[in-house]
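The values are calculated or read from the model by the stated rules, or taken from the named source; none is laboratory data. Remember, predicted model here, so these are calculated numbers, not experimental data. Because the Cβ atoms are built from the backbone with ideal geometry, glycine has one as well, and the counts that use them run over all protein chains shown. The accessibility values were calculated without ligands, DNA or RNA, using every heavy atom of the protein model including side chains. Shrake-Rupley method; radii C 1.70, N 1.55, O 1.52, S 1.80 Å.
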Amino acid sequence: MSESDPATLFRPVGPAELDLIEQALFRAFPPRLPEQPFFYPVLSQEYAAKIASECNVRASGAGYVTRFKVRRAFLARYEIQSVGGERFQEYWIPSEHLAEFNRNLVGLIEIVREFGRQ
């Protein structure tokens, strides 16, 4: 895997965030709310599925795992954060960097898992 290859990341989302992603034609994540200082993409589908199936379903009745690719050159400025072990790793992207994050997406955001109401 070279520095020019994009990194594949995942993000658990609820129905409201998924609606905003759909409105952006699966090309961008929506801006964060004022009380959300960071955007948290995760490194594994397993971790995203755990959050989507437990937290998103409990909060809103449904959870989705999205998969997307991001240019490694952009991600290089951020450290990978471990939140409970090697299986639970994520990036903490400051909310004010989300527009630039979106400009560094490669291809479309995909839905790869669904939990809760179908």
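List of remarks:
- Note on the chain: with charges restricted to the Cβ of Lys and Arg (+1) and Asp and Glu (-1), its dipole about the Cα centre is near 140 debye.
- Looking at region 1-73, the pairs of alpha carbons with a distance over 19 Å make up 39% of the total.
- Karplus-derived HN-Hα couplings along region 42-51 (A = 6.51, B = -1.76, C = 1.60, θ = phi - 60°), whole Hz, x at Gly and Pro: 10, 8, 10, 5, 4, 5, 4, 5, 4, 5
- The trypsin sites (Lys or Arg not before Pro) of region 52-113 that meet both conditions, a loop assignment by DSSP and at most 13 other Cβ atoms within 10 Å of the site Cβ, are 77, 87.
- Most mobile of 107, 85, 61 in a GNM of the chain (Cα contacts under 10 Å): 85
- Along its first, second and third principal axes, ordered by size, region 35-110 spans 34, 27, 26 Å in Cα coordinates.
- Amide hydrogen neighbours beyond the local backbone of residue 39, cut-off 5 Å, H modeled: 93, 95
- Protein heavy-atom surface of the chain, 1.4 angstrom probe: 52% of the accessible area is carbon and sulfur, with nucleic acids and ligands not counted.
- Per residue, the solvent-accessible area of the chain (1.4 Å probe, heavy atoms of protein chains only, all protein chains present) comes to 57 Å².
- Selection from 33, 74, 92 lying farthest towards where the dipole of the chain points positive, charges on Cβ: 74
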